[in-house]
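The values are calculated or read from the model by the stated rules, or taken from the named source; none is laboratory data. These figures come from a predicted structure and were not determined experimentally. As a convention, Cβ positions derive from the backbone with ideal geometry for all residues, glycine included, and neighbour counts pool all protein chains shown. Ligands, DNA and RNA are excluded from the accessible area calculation, which covers all protein heavy atoms including side chains. Shrake-Rupley method; radii C 1.70, N 1.55, O 1.52, S 1.80 Å.
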Amino acid sequence: MLNNKLLNILLIILLIISEAVYLSIYSNSYPPIVLFTFISIFNSVIFVVLWLLLRKIEANQILITIIILSGIIFRLSLFPVQPIASDDIYRYIWDGKVMANGINPFRYSPADTALNFLHSETFPAKINHPTMKTIYPPYSQLMFYFGYKLFGENVYGIKILLFIAELLSIFLLYLLLKKLNLPAINLALYSLCPLPIMQFMVDGHVDGTGFPLLLLFFFFYLTGKKVKSYLMIGLSISSKFVSGMILPFVFKDEKGKNKIIVIIVPVLVLIITYILFILNGVFPFESLIQFSSNWIANSSIFTIILEITKNNQNARLISLVLFVICGGFLFFLRKEFLEKVYLIFMLFFLFSPTVHPWYLTWIAILLPLNFRWGGLAFITLVNLANIMLINYVLKGIWETSYWILAIEYLPIIVFFVWEITYRKKERVLV
């Protein structure tokens, strides 16, 4: 058995190696997408090894400080890098620019001639699907507005907001771990995780700006400040709709008039945040419906159903029905609230037709509060999806690899099934 001192030395060595790998993004030896994929996969392996080591080390405040500082250094070292694996950030900047000019971003697509006066060398040339209107909800639009106000058409505006959000998320996770009497070392599961580091600090995906809202919801909910918690979950839904899956479990745990408040407060928050965007007959869900009806990427169960049915819409319907059935079963299980939240997110992404790597950051933010090996497998193995992206970025050819999907998802599904059933079977409430 290795002693604690040797484990600490090994930990520091691995953290230094991980930082060196992150810095390799600045190398010109390989195409950026190849480096992005290599770094994501290699550092995910180091991340798992780090977690295995941390579970054996006696935690103290110095170790927690090292974990936090390492996470901050990793993020800062990637901050200057321009987006590589996704161009979504350019849509964010565009939406912010449109709002800054007093125009509803849901009214026109970037290619609409009504917005010609806003066009520049960068926009809409770098925006994907410029003929589609925006899909991002109001809180995210507010972040885009502030990002544009900070740095104009530069990606650093969004990245600054993401970095601030990451610091807040790490701080709130620390408070929640103390509140729940969970090991402070669990903070490493997010602070050192390559998935949010790469997806937020390189590609600038907006998901991270919503995490402090979700964590504030947990904090207020667990400290008995229910109305504040409902306000936070409403804002979180306004950041990304996926947060809405939590509401049924909150509703179930509440009693009396609180059951009504659980629904009314978040719905009112969502209505208020949308109200300025739906004036003058604008329908803000047009592109979202189109996206959710047609897009397919890196899916697991949905891919199997699609192969059987050979029909996209039928496969989506079957996946949705199966998800609702599984979610309904989970609703009645005797499990703790945080575990149910984790499990419903896992189920959602296992049944979803589209699972881009940054989507799984929502699993990463939950993992310190409810550690499960299946979740750890998901947030690390999802980086394999970037291998399929290499051909698309370099040659414009998209081809789904069933071998990669199998390698990615089989361990996750095995872990997931095992984690639901390995304990004493919970009886179903009636």
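Within the range 309-350, can you find the residues that are of a type outside the set (D, E, K, R) and not in a helix (DSSP H, G or I)? Spell out how you get there, then give the answer.
Within the range 309-350, the subset of a type outside the set (D, E, K, R) is 309, 311-315, 317-333, 337-338, 341-350.
Residues satisfying the conditions are N311, L333.
Give L376, L389 a once-over and let me know the one that is in contact (Cβ under 8 Å) with a residue 12 or more places away in the chain and surrounded by 21 or more Cβ atoms within 10 Å (Cβ to Cβ). Quick ask: steps written out before the conclusion?
Values: L389 fails: surrounded by 21 or more Cβ atoms within 10 Å (Cβ to Cβ).
Sole residue among the options that is in contact (Cβ under 8 Å) with a residue 12 or more places away in the chain and surrounded by 21 or more Cβ atoms within 10 Å (Cβ to Cβ): L376.
Can you tell me how many residues in the range 27-53 are open to solvent by 80 Å² or more (accessible area, probe 1.4 Å), free of Cβ contacts under 8 Å to residues at least 60 places away in the same chain and touching a helix residue (DSSP H, G or I) at 6+ places or on another chain (Cβ under 9 Å)?
Count: 4.
Picking from G256, G204, G224, G210, which residue would you name as being crowded, with 21+ Cβ neighbours inside 10 Å and on the phi > 0 side of the Ramachandran plot?
That would be G204, the only listed residue that is crowded, with 21+ Cβ neighbours inside 10 Å and on the phi > 0 side of the Ramachandran plot.
Which of the residues belonging to the range 268-303 are surrounded by 15 or more Cβ atoms within 10 Å (Cβ to Cβ) and part of a helix (DSSP H, G or I)?
V269, L270, T273, Y274, E286, S287, L288, S292, I301, F302, T303, listed by residue number.
Kindly indicate which of L6, L2 is in a helix (DSSP H, G or I) and at pLDDT below 95.
Only one candidate qualifies: L6.
Between residues in the range 326-355 that are among the basic types (K, R) and residues that are not in a helix (DSSP H, G or I), which pairs lie under 9 Å by C-beta distance while being six or more apart or on different chains?
Close Cβ pairs satisfying both conditions: R334/E426; R334/R427; R334/V428; R334/L429; K335/E426; K340/L333.
Using beta carbons and a limit of 6 Å, which pairs, at least six apart or on different chains, have the first residue in the range 1-22 and open to solvent by less than 60 Å² (accessible area, probe 1.4 Å) and the second one of a type in the set (S, T, N, Q)?
Within 6 Å, the pairs are L15/S70; S18/N43; V21/N43; Y22/S77.
Tell me which residues, restricted to the range 266-286, are of a type outside the set (F, W, Y) and more than 24 Å from the chain's Cα centre (by Cα).
The answer is L268, I272, I275, L276, I278, L279, N280, G281, V282.
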